[in-house]
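Heads up: the structure comes next, in structure tokens.
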């Protein structure tokens with residue numbers, strides 16, 4: 001697969017089939033992940049795959065509770081606004097995201113594979129998320145969908161650490177868990193604010209010098 | 001370029017030529033970046049390109065001071081250990097990283113392009129570093145080397161914000177700056193601890209089930 005196809009079409013895929021991800025595909029995902037750079041090449045990372053039904057059965061209720069808390073806190077304002085103006089494009093988009101994320105929570109135990117990533121001495125996230133994103137891009141190349149979520153660590157860190165046996169005293173933090181599975185839907189380019197609305201040159205608000213009205217891939221590569 | 005070639009060979013490239021990055025290449029880098037997912041698709045990001053010699057001349061001294069501080073703090077222990085045991089493979093590797101990073105600092109003003117990335121409401125970094133890493137992978141596909149650095153924000157945030165005109169009161173944080181340039185050296189696969197040493201299954205320390213002794217790319221794809 002061309003690198004641009006992977007970069008343009010790896011969107012969050014939360015509706016997936018329960019069939020397992022073969023070992024050789026998992027290996028490609030993990031081996032791509034560890035090629036990413038990390039600050040000072042310290043590789044202060046651990047990747048914990050979860051595919052055991054018993055472990056997922058313990059994490060699932062925590063995950064659904066974390067989801068409920070997320071809606072009630074960080075998303076409360078956006079959800080209320082969407083309910084007040086259901087016809088707005090922003091509301092339609094938000095409802096789609098909420099339904100998709102809730103679907104993943106409701107079907108947590110049927111997700112075939114999770115990858116929980118741990119890091120230490122990385123306050124920015126810059127030494128772990130390149131590896132995570134590489135894992136998701138490699139998965140895309142293998143036809144496997146993925147979605148990154150941080151809510152287990154945000155709302156139920158100690159219970160999650162206990163279930164997964166993560167040592168509490170060695171400085172490890174959980175950066176995220178990523179769900180993996182063969183998607184039921186189609187790959188596509190997600191809607192985004194165009195480059196010239198979010199990019200500046202030489203100073204905040206400085207004119208970039210050009211506009212990009214349509215995605216440059218696939219037409220331009 | 002195949003996605004695996006990009007994932008396996010995009011290592012930090014800090015020795016680059018001063019020739020500018022053409023607009024059409026910059027556009028590909030930025031347009032790939034904004035396709036990345038972000039939590040709730042909020043796209044709480046801004047990308048500030050710096051290629052003006054006057055701006056680089058103001059940032060350069062700050063960057064070199066930040067570099068000096070990094071060596072004296074987070075790296076002090078590793079540098080002392082490397083000086084004590086210069087023949088160790090870890091020492092050789094560290095010396096190479098330090099020299100390369102110092103080379104970038106010493107030649108800051110000759111780097112043709114920096115991309116400083118800003119984010120808000122993203123404590124983990126999980127909503128900005130996928131976009132950053134996509135930018136670096138797209139650059140790789142165009143033959144442009146890159147290196148991610150966080151030290152300007154760590155050590156000289158307020159001065160950097162002032163130089164770049166970043167508003168201090170709207171919640172923006174600087175995730176990183178990435179240097180871009182056509183490399184003087186060769187692309188290659190960086191040395192990493194293999195997957196089976198950093199990946200577990202179903203519990204911390206749990207056997208992954210297989211070992212990967214050699215990089216799976218290029219032979220296996």
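Where the alpha-carbon atoms of the protein assembly as shown are placed on the principal axes, they occupy 57, 54, 39 Å, in descending order. Fewest-first ordering of A:71, B:217, A:45 by other beta carbons within 10 Å of each residue's beta carbon gives A:71, B:217, A:45. Considering all C-alpha pairs of chain A, those separated by over 28 Å amount to 37%. Each copy carries a label point for residue B:110 at 7 Å from Cα toward Cβ; from one copy, the others' points are 6.0 nm away, ordered from shortest. Bridges between two residues of the protein assembly as shown, per DSSP, are antiparallel at a rate of about 85%. For residue B:205, the point set 7 Å out from Cα toward Cβ sits 5.7 nm from its twins in the other copies, listed from shortest up.
Only helices enter this figure: runs of n ≥ 4 DSSP H residues, each worth -39500 (n - 2.57), summed and divided by the residues of chain B, yield -13500 deg cm²/dmol at 222 nm to the nearest 500. Shown for the stretch A:102-188 is the translational diffusion coefficient from the Stokes-Einstein equation, using the Kirkwood radius over Cα pairs, a temperature of 25 °C and a viscosity of 0.890 mPa s: 175 µm²/s.
Distance from the Cα centroid of the stretch A:77-111 to that of the stretch B:1-51 is 30 Å (rounded to whole angstrom).
DSSP beta bridges confined to chain A are antiparallel in about 95 percent of cases. Panel order for B:10, A:154, B:73, by other beta carbons found within 10 Å of each beta carbon, from fewest to most: B:73, A:154, B:10.
Here residue B:186 yields copy-to-copy label distances, from shortest upward, of 4.4 nm, the label point defined as 7 Å from Cα along Cα to C-beta.
Once R0 is set to 35 Å, what does the formula 1/(1 + (r/R0)^6) return for the Cβ-Cβ distance between residue B:2 and residue B:80, expressed as a FRET efficiency to the nearest 0.05?
So the FRET efficiency works out to roughly 0.25.
Distance from the A-onto-B rotation axis is smallest for the Cβ of the chain A residue given, in whole Å, as A:125, 1.
Readers should treat all values here as calculations from the given coordinates under stated rules, not as data from a laboratory. Just so we're clear, the structure is a prediction, and the values are computed from it rather than from any experiment. As a convention, Cβ positions derive from the backbone with ideal geometry for all residues, glycine included, and neighbour counts pool all protein chains shown.
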